[in-house]
Amino acid sequence: MDYIPVAEGREMSGLRLVLSVGTPGPWSISARALFGVRNVPYIPVRQEIGGANEELVAWTGRRNAPVAVYESEPAVDNWLDIMVLAERLGRGPSLFPDDPIDRALAVGFSAEICGQGGFGWSRRLSMMGVAPPLEDASLSVIARQYGVRPDAVRNAPERVIGILRGLSQQLRRQRAVGSDYLVGDRLSACDVHWACFSILVRPLPPEACSLTAGMRGMFEAMPDELRAAIDPILIEHRDRIWKRYIGLPLDY
C-alpha cells in the first residue's frame, strides 16, 4: 500500500485514514475493511509505530492508528466511531443488522473483539508474556504506552479464551439455523472485526499475508490452553469473510 505523509494528507479533502506502516495491526486493517465493504474510498496516511508522530498529533490529537478524518470533521479513532463513520459515508448493505436486538448483539460482539479489555486488547497483553522479541518494534515500548501491569498480562489469556469460546458458541448456534454470520443472516461489522482480529491467534497464510518471522512468531506464540480454544469454526468463519468480502492478499 502506498501511504502519503501526514503533512500532505492534512491538506487533502475526502476521507483520510491514518494507518500503521509495516504491520497488519487488527484495529487498522479492520478500519480499512469496513470502509472497503461500504465502498468508501480513502487516502491512506502514514503512521509510524512507536514513533512520536508529532505531525499526526498536531493534526488529529492522536499519536496512534487508525485515525479517520473526513473533510473538516473532527478526527475519530475509536472502533465504534469508525464503524459509524463507514456506515454513514458508505453505500450498500448496512454494517448493522436491521432488528434492534440483533443490532445490539452485533455491536456487543464487536465490543468484545475490539474494545478495551476485549479480545484484541487482552491478546496483545498475553503476547507480552510469551512472545519472542520483535525484529522491528519493542514490546517494552508497547507496554509503557498502554500502562501494562504484570497482573494484567498474567490474566489476559483467560480473558482471550473466554471470548473465543463465546464466539464459537455463537457461530454454532448460527450454523444450526443456517446462517454463516455471527448475527442474523447477512454480514455485520462484527464479522469483519473477527476476521481481522483473528490473525492475533491464527495468522493468515504467507501467500495471503506476508509477515516477518518475528511477527509471525509473536502471533503464533501462546499457552496450550489458549491454542486449544481456537475452535475450527472460528477460522472457517474468518476465511469465508476474507474471501467473500474483504479480499486477499492483504497489502499493508
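Qualifying trypsin sites (Lys or Arg not before Pro) in region 1-107, where qualification requires a DSSP coil assignment and no more than 15 other C-beta atoms within 10 Å, comprise Arg91.
Seen from Asp180, the other residues with C-beta closer than 13 Å to its C-beta sum to a net charge of +4, counting Lys and Arg as +1 and Asp and Glu as -1. Here region 1-83 is assigned +1 on the Cβ of each Lys and Arg and -1 on the Cβ of each Asp and Glu. Its dipole about the Cα centre then comes out at about 240 debye. For the chain, a crude dipole built from +1 on the beta carbon of Lys and Arg and -1 on the beta carbon of Asp and Glu, taken about the Cα centre, is about 440 debye to the nearest 20. Could you grab the relative contact order for region 100-246? Cα pairs under 8 Å, six or more apart, rounded to a whole percent. That works out to 33 percent. Secondary-structure-derived ellipticity at 222 nm for the chain, considering helices only, amounts to -15000 deg cm²/dmol, per-run term -39500 (n - 2.57) for DSSP H runs with n ≥ 4. Projecting the Cα atoms of Met222, Tyr252, Gly9 onto the charge dipole of the chain, computed from C-beta unit charges around the Cα centre, puts Met222 farthest toward the positive end.
Taking the fewest neighbouring Cβ atoms within 10 Å as the starting point, the ordered list for His193, His237 is His237, His193. Ranking Pro203, Gly184, Asn64 by Cα position along the charge dipole of the chain, where only Lys, Arg, Asp and Glu carry charges on their C-beta atoms, puts Gly184 farthest toward the positive end.
Taking every alpha-carbon pair under 8 Å whose residues sit at least 6 apart, the chain reaches a relative contact order of 21 percent. Label-to-label distance, Arg88 versus Val177, with points set 7 angstrom from Cα along the beta-carbon direction: 3.1 nm. Each of the GluC sites (Glu not before Pro) that DSSP puts in a loop and that has at most 12 other Cβ atoms within 10 Å breaks the chain; the longest unbroken stretch is 136-206.
Computed from backbone phi, the HN-Hα couplings of region 209-223 come to 7, 6, 10, 5, 4, x, 5, 4, x, 5, 5, 8, 6, 6, x Hz, rounded to whole numbers (Karplus: 6.51 cos²θ - 1.76 cosθ + 1.60, θ = phi - 60°; Gly and Pro given as x).
For Leu164, Leu56, which order do you get if you count the other beta carbons within 10 Å of each Cβ and list the fewest first?
Leu164, Leu56
Across region 6-89, the mean sequence separation of Cα contacts (distance under 8 Å, 6 or more residues apart), normalised by length, yields a relative contact order of 38 percent. As a proxy for reagent exposure, Ile43, Ile246 were ordered by neighbouring Cβ count within 10 angstrom, fewest first; the result is Ile43, Ile246. Computed extension gain for Arg240 through Val57, at 0.36 nm per residue and net of the alpha carbon distance, reaches 62.2 nm.
Net charge in the neighbourhood of His237 (other residues with Cβ under 9 Å of its Cβ; Lys, Arg +1, Asp, Glu -1) is -2.
Only one item in (i) 59, 50, 30; (ii) 51, 43, 34; (iii) 76, 46, 41 matches Cα extents along the principal axes in Å derived from the coordinates shown, and that item is (ii). Annotation note: trypsin sites (Lys or Arg not before Pro) in region 143-252 located in DSSP loop regions with a Cβ neighbour count of at most 15 within 10 Å are Arg186.
No value in this document is a laboratory result; all are computed from the given coordinates. Values in this document were obtained by computation on a predicted structure and should not be read as measured data. Cβ coordinates were reconstructed from backbone atoms using ideal geometry, including for glycine residues, and neighbour counts include every protein chain displayed.
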